[in-house]
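Read-outs throughout are calculated quantities, based only on the coordinates presented, and are distinct from any laboratory measurement. All figures in this text were calculated on a predicted structure; none of them were measured in a lab. Neighbour counts run over all protein chains shown; Cβ positions are idealised from the backbone, glycine included.
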Amino acid sequence: MSNSSRVLVLNCGSSSLKFAVIDPLSGTLELTGIGEALEQNEPTVSWKIGGEKKTSPLPANSGHREVIHFLVNNILRECPNLRDHLVAIGHRVVHGGEKFSHSVLVDDAVIHTIRECVALAPLHNPAALQGIEAARSAFPYLPQVAVFDTAFHQSMPRHAYIYALPYELYRDHGIRRYGMHGTSHRFVTERAAELLNLPVNEVNIISAHLGNGASVTAVHNGHSVDTSMGLTPLEGLVMGTRSGDVDPGLLMHLGARLDYGLKEINDLLNKKSGLLGISELSNDCRTLEQAAAEGHDGAQLALDIFCYRLAKYIASYHGVLPQVDALVFTGGIGENSSLVRGKVLSHLGGLGYVLDEARNGRARFGEDGPISTEQSAVTLVIPTNEEWVIARDAAGLVPPTSPNGDPSSRE
Ligand code: AMP
């Protein structure tokens, strides 16, 4: 990899495609953009390059393929300095099942296996496959690399990932806990090791990724040993619109007593619960903080429950790990909400956590550092950077014989 190497990172959601061109050595974002409202009436693509923002409509019902086409034929055509230095394409893939514990170069067998995991991520894996197929035909000369959200958690021991259900459900249908946000937890682990001056394979942390989706992971010697998300991203913490852990008996109660069907239960738990459901106001932490400060009881309750439930997970992971070198906050809420961080630590005094108010107030806007006092159990804020991990993995997997972005070897 040379200093001028660049990686195109693609993150395909069910109705959106985020893209970025990144310098894998420094993590510098050269180009970022998003195609939105895909396969709907008025899809658009927006991008930012050199501080300049642009937006363009796409034809009605455009999908992932059309966004990639626009990226190649419009955006990158005007930026040959980026296009000609692309050495690889990195794809975020949500679910790799038990097949992938690391990022891999995409070939037909990998595509087949990602397809086999569609049942585990029915909204996300098909979108990733569309992105991979479109990128393969748009950039046939570039290696494609798949980076899995589940991969980091493949190191979990059986006692952490098997549900207490009939074992045949695992054996015959792969029903187990997989965990998500692995790319973020991995980034945070590596960065925490740097900040703590420890080798990655000796670092023990509890990593709390708190965004619209949220999960917390126990990391032992650099490896995930437990995490709060399970078979799906619904398990675990309270999230923006997701309930997190509930009594499974609730599902029967909703069906038998309140006449809910499966789709309604799915909508209830995934889209109408969490911060939004409790507050009856918003899933957005900023809105809730402001409303709570103005006396909105629902907003206050939602924040209280969010922090309390997270603190319980953190406390339980102290029982999982032989020692904890640091508790780390990341994600939109973890990086920015001094209120949430302070509230969570206020539950954890018994475990030696003491907030440093001044440090906590200063820690935001993309900087990492401690928010606890010198005497406290160490607590850090580390802005996550999943795109950079994807870019690094992709660049690291470029075969030595690859054309390495040499434009003369194209098409
Ligand atoms: P993410 O999914 O990682 O983009 O995080 C989204 C969440 O971060 C939303 O709930 C936002 O309200 C929250 N967030 C972003 N900035 C702030 C902030 N300055 N204070 C509190 N919450 C924030």
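Structure notes:
- Size of the range 123-234: Rg and Dmax of its alpha carbons, in Å, are 16.4, 47.
- In the range 53-184, the inverse of the mean reciprocal separation of distinct Cα atoms equals 16.6 Å; this is its Kirkwood hydrodynamic radius.
- Close amide H partners of TYR163, meaning residues 5 or more places away or on another chain with modelled amide H under 5 Å apart, are ARG177.
- In the range 142-192, chymotrypsin sites (Phe, Trp or Tyr not before Pro) in a DSSP loop with at most 16 other beta-carbon atoms within 10 Å: TYR163
- Among the GluC sites (Glu not before Pro) in the range 278-341, those located in a DSSP loop and surrounded by at most 13 other Cβ atoms within 10 Å of their own Cβ are GLU280, GLU294.
- Rule-of-thumb Rg ratio for the range 124-164 [Cα; 2.2 N^0.38 Å; N residues]: 1.71
- Considering only the chain, percent of DSSP beta bridges that pair antiparallel, nearest 5: 65
- Order of SER279, SER376, SER4 - criterion: other Cβ atoms within 10 Å of each residue's Cβ, fewest first: SER4, SER376, SER279
- Between the amide H of VAL328 and those of ILE206, SER207, ALA208, LEU380, distances stay under 5 Å, these residues lying 5 or more places away or on another chain, with hydrogens modeled in the peptide plane.
- Neighbourhood net charge (14 Å Cβ-Cβ; Lys/Arg +1, Asp/Glu -1) for ILE205: -4
- Placing a pseudo-label 7 Å from each Cα along the Cα-to-Cβ vector at ALA315 and THR232 gives an inter-label distance of 2.9 nm.
- Straightening the chain between THR28 and HIS112 buys 27.0 nm, computed as 0.36 nm per residue apart minus the Cα-Cα spacing.
- The gain in end-to-end length when the SER4 to THR44 segment is fully stretched comes to 11.4 nm, 0.36 nm per residue minus the alpha carbon separation.
- Taking the number of Cβ atoms within 10 Å of each Cβ as an exposure proxy, the fewest-first ranking of LEU275, LEU123 is LEU123, LEU275.
- Taking only the alpha carbons of the range 217-319, we obtain Rg and Dmax values of 15.4, 48 Å in that order.
- Net length gained if the chain between LEU301 and HIS253 were fully extended (0.36 nm per residue, minus Cα distance): 14.9 nm
- For the chain, pairs of C-alpha atoms spaced more than 29 angstrom apart make up 48 percent of the total.
- Under 15 Å between alpha carbons - lysine pairs in the chain that sit 8 or more apart or on different chains: 6
- Overall form of the range 1-110 per C-alpha gyration tensor (a/c, 1.5; a/b vs b/c): oblate
- Neighbour-count order for THR183, THR113, THR401, THR227, fewest beta carbons within 10 angstrom listed first: THR401, THR113, THR183, THR227
- Cα-only Debye scattering, the range 189-245: base-10 log of I(q)/I(0) at q = 0.18, 0.25 Å⁻¹: -0.62, -0.88
- Two-site label geometry, ASN81 and GLU202: point separation in nm, points 7 Å out along Cα→Cβ: 4.3
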